[in-house]
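The values are calculated or read from the model by the stated rules, or taken from the named source; none is laboratory data. Predicted model only: the values in this text are computed from it and were never measured. Here Cβ is always computed from backbone atoms with ideal geometry, including for glycine, and neighbour counts include all displayed protein chains. All accessible areas refer to the heavy atoms of the entire protein, side chains included, with ligands and DNA or RNA removed. Shrake-Rupley method; radii C 1.70, N 1.55, O 1.52, S 1.80 Å.
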Amino acid sequence: MSSQILTNINTFIKNRLIESSGILLVFSSFFLLAAIISYSPSDPNFIYTPENTEIKNLGGFYGSVISDFLLQSLGLISVFFVANLFSWGLKLIIGKLINNFTTKIFFTLIYLIIGSTVLNVFYNDSFWLIDNGNSGFVGKITYEFLNTWVPWINNTYSVYGLLVLTIVFFSLS
């Protein structure tokens, strides 16, 4: 009898911790989305931190630094990463489980790399991501590597093929 009560208490605590993790992921995704949307290149970041600067980012200093890191490294595809965090948070809240989590992490890494490369080939010019463009430095480095070994990467059909792969891996993640 007491063993059954301990098992029920253990299950209850485990489910609340999983739900709390899901709620944390959902709130983190809202914070990241607000930080990315309100990104300003003049805000402080890892490299440039002026002393008397008014921070325009809705996330404050931390939102400014995190959004700068995401946008300069991954580019605009980081919005999809925020959508992933939101989806995973909802799955933890509702279903208490994310099936094949390591596989989903792998798919996430793949679509982030391919998607930033697609942004570099398709539309890299940006008016507010001045340093690395819409693709971030991941897209720029991946594109340069692929362009040396596979020069047909600039072909329209290969770009659309990579776009389809990005969407497929995003949906799988």
On the accessible surface of the stretch 10-49, probed at 1.4 Å, how many percent belong to carbon and sulfur atoms?
73 percent
Just how large is the dipole of the stretch 1-70 about the Cα centre, in debye to the nearest 20, putting +1 at every Lys and Arg Cβ and -1 at every Asp and Glu Cβ?
400 debye
Just going by the charge dipole of the chain, with Lys and Arg at +1 and Asp and Glu at -1 on Cβ, which of Ile5, Thr108, Tyr160 is farthest out on the positive end?
Ile5
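Using helices alone, I'd like the mean residue ellipticity at 222 nm for the chain: each DSSP H run of four-plus residues gives -39500 (n - 2.57), total over residue count, nearest 500.
Numbers: 6 runs with 121 residues, N = 173.
About -24000 deg cm²/dmol.
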What is the dipole size for the stretch 18-148, taken about its Cα centre, with +1 at each Lys and Arg Cβ and -1 at each Asp and Glu Cβ, in debye to the nearest 20?
560 debye
Can you match semi-axes √(5λ) of the Cα gyration tensor in Å to one of these, (1) 29, 17, 14; (2) 36, 24, 10; (3) 28, 22, 15, based on a calculation from the structure here?
(2)
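Counting only pairs 8 or more places apart or on different chains, how many lysine pairs in the chain have C-alpha atoms closer than 18 Å?
Details: Lys14/Lys91; Lys14/Lys96; Lys91/Lys104; Lys96/Lys104.
Counting lysine pairs in the chain gives 4.
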Approximate spin-label separation Ile13-Leu172, in nm, with each point projected 7 Å along Cα-to-Cβ:
3.9 nm
Helices from the chain with mean Kyte-Doolittle at least -0.5 and a Cα length along the axis of 27 Å or more, per DSSP H: which?
2-37, 101-122
